[in-house]
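Notes follow once the structure below has been shown.
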Amino acid sequence: MPVKKALIMVDLQNDFCAGGQLAVPGGDEVVPLANRLAPYFDLVVATKDWHPSNHQSFASQHAGQKSGELISLGDVPQILWPDHCVQNSKGARFHPALLKKHIHKIIHKGTDKAIDSYSAFYDNAHLRATGLYDYLTDQGVDEVYLLGLATDYCVKYSALDAIQLGFPVFVITDACRGVELQVGDIQKAFDEMREAGVTLVTSSEIFKARR
Ligand code: VGL
Ligand code: ZN
């Protein structure tokens, strides 16, 4: 049987793009690449960060604390963020240039106000699954490819979980952009992924493959 390849597009939402509440530098640049890459895969999943308006990762929910500060949430460290990707808000919609016709499945994460979920598979305490693993296994997926936002948070934790779950994992580096709260965070994230067994690839390597 041929290898079944899934592409996971991580959080290509307005709030992570220019003008959004948690804009990732160059976030928009990933969208046209995502559109061109999608036809090279058997299955395309798009994730959405999908928070209730009182999500406890929002600095606005903690009197006297600012975004960028560190707290504990659900017994795990939590960086406080500006309000972003609130369920049904414009900021939570996919970037308007993202071609929806390529997407077979949408996975929502971060829906529980009491715990964040950087990974597309599990919340940050690894207590609850999003359904992505079951979906990929039901579909008979052999390999997982990732792109999107942000390199140093949701892409990284999704890639690390996918490795833990036993998939061969490939991250398409030029189709990711990071927050870089601290200088070097993006590079560190790529290093961590590689050390965990993730294969870092570029989009040109995908485009060279036949379709
Ligand atoms: C993300 C911070 C907060 C991400 C989501 O998509 O990487 N980062 N929520
Ligand atoms: Zn979030």
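The values are calculated or read from the model by the stated rules, or taken from the named source; none is laboratory data. Bear in mind the structure is a predicted one, so any value in this text is a computation, not a measurement. In this analysis, Cβ positions are derived from the backbone assuming ideal geometry, glycine residues included, and neighbour counts consider all displayed protein chains. Side chains are part of the model used for accessible areas, which takes the heavy atoms of the whole protein and leaves out ligands, DNA and RNA. Shrake-Rupley method; radii C 1.70, N 1.55, O 1.52, S 1.80 Å.
Just a few scattered comments:
- Qualifying residues in the range 14-37 (those that are open to solvent by less than 30 Å² (accessible area, probe 1.4 Å) and of a type in the set (G, A, S)) - the one farthest from L147 (Cα to Cα): G20
- Scan of the range 80-102 for residues that are aliphatic (A, V, I, L, M) and open to solvent by 30 Å² or more (accessible area, probe 1.4 Å), ordered by number: V86, A97, L99
- Tally of residues being touching a Cys at 6+ places or on another chain (Cβ under 9 Å) and farther than 22 Å from A159 by Cβ across the range 32-54: 0
- Qualifying position, being more than 15 Å from ligand 2 (Cβ to nearest atom) and among the basic types (K, R), among K48, K66: K66
- Some residue of the range 147-167 being in a strand (DSSP E or B), more than 13 Å from ligand 1 (Cβ to nearest atom), under 12 Å from the mean Cα position of the chain (by Cα) and at pLDDT 95 or above: no
- Index of the failed condition, R36 passing every other in (1) in a helix (DSSP H, G or I); (2) within 16 Å of ligand 2 (Cβ to nearest atom); (3) over 17 Å from D83 (Cα atoms): (2)
- Among the residues making up the range 170-189, those that are open to solvent by 30 Å² or more (accessible area, probe 1.4 Å) and either in a helix (DSSP H, G or I) or aromatic (F, W, Y) (or both) are F170, I186, Q187, K188.
- Any hit, the range 171-181, residues being over 22 Å from K109 (Cα atoms) and either out of contact with any Pro (no Cβ under 6 Å at 6 or more places or on another chain) or free of Cβ contacts under 8 Å to residues at least 40 places away in the same chain (or both): yes
- Top-ranked residue in the range 113-154 [being of a type in the set (A, V, I, L, M) and within 13 Å of ligand 2 (Cβ to nearest atom); ranked as nearest to A34 (Cα to Cα)]: L149
- Residue match in the range 30-38 (condition: closer than 23 Å to D161 by Cβ and of a type outside the set (A, V, I, L, M)): no
- Residue, most open to solvent (accessible area, probe 1.4 Å), within the range 60-79, restricted to residues that are away from ligand 1 (no atom under 12 Å from the Cβ) and touching a strand residue (DSSP E or B) at 6+ places or on another chain (Cβ under 8 Å): L70
- In the range 1-13, of all residues being open to solvent by less than 60 Å² (accessible area, probe 1.4 Å) and part of a loop (DSSP other than H, G, I, E, B), the one that is farthest from ligand 1 (Cβ to nearest atom) corresponds to K4.
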